[in-house]
Amino acid sequence: MSEEKMVLCGANSYEMKYYFNEKFNGIPESIKNELHILCVLFTEEVGGIFTIAFEEDGNVVLETNADDDDIYYDEVSSGLMVSEVRRKRQELFESLSLYYKVFILKQDPSGLVEE
């Protein structure tokens, strides 16, 4: 049985489109803009489809995939790029995870923040 994920945002290089889930409109505009830029730049660099989603427990996952007939998409490069984005934006993803746990899962924030 697979876990359900809730997509936060994503970009599609084939359709040249960006998607942001309206359930997260409470996220500050500056963060929305940062996510938009991040997703679009990722797909411009690597191609394919890139999404940022939340697992059921609130962890942030970065996913990339491509059409089967996309000969320009490189799975190794895309995997390396995902690792680099995760490393460079670790604080952003930790904050998004906290946001999800508090505002979507309705968990008590006092137990989530390390002192």
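The values are calculated or read from the model by the stated rules, or taken from the named source; none is laboratory data. What you are looking at is a predicted structure, and each value in this text was computed from that prediction instead of being measured. As a convention, Cβ positions derive from the backbone with ideal geometry for all residues, glycine included, and neighbour counts pool all protein chains shown. Please note that ligands, DNA and RNA were not included when accessible areas were found on the heavy atoms of the full protein model with its side chains. Shrake-Rupley method; radii C 1.70, N 1.55, O 1.52, S 1.80 Å.
For the chain, the Cβ-based charge dipole about the Cα centre amounts to some 460 debye (Lys, Arg positive; Asp, Glu negative; other atoms uncharged).
Hull volume per residue, based on the alpha-carbon atoms of the chain and their convex hull, is 127 Å³.
The trypsin sites (Lys or Arg not before Pro) found in segment 64-109 that occupy coil by DSSP, while having at most 12 further C-beta atoms within 10 Å, are LYS106. Counting only protein heavy atoms and a 1.4 Å probe, the chain has 67 square angstrom of accessible area per residue.
Against the compact-protein benchmark of 2.2 N^0.38 Å, the Cα-based radius of gyration of segment 45-111 scales to 1.35.
If you take the charge dipole of segment 32-106 about its Cα centre, with +1 on Lys and Arg Cβ and -1 on Asp and Glu Cβ, which of TYR73, SER95, VAL60 is farthest toward its positive end? Of TYR73, SER95, VAL60, it is SER95. Taking 0.36 nm per residue of separation and subtracting the Cα-Cα distance, full extension of the segment from GLU44 to VAL102 would add 17.6 nm.
Using a probe radius of 1.4 angstrom, the carbon and sulfur fraction of the accessible surface of the chain is 50%.
The helix-based estimate of mean residue ellipticity at 222 nm for the chain, built from -39,500 (n - 2.57) per DSSP H run of four or more residues and divided by its residue count, is -12000 deg cm²/dmol to the nearest 500.
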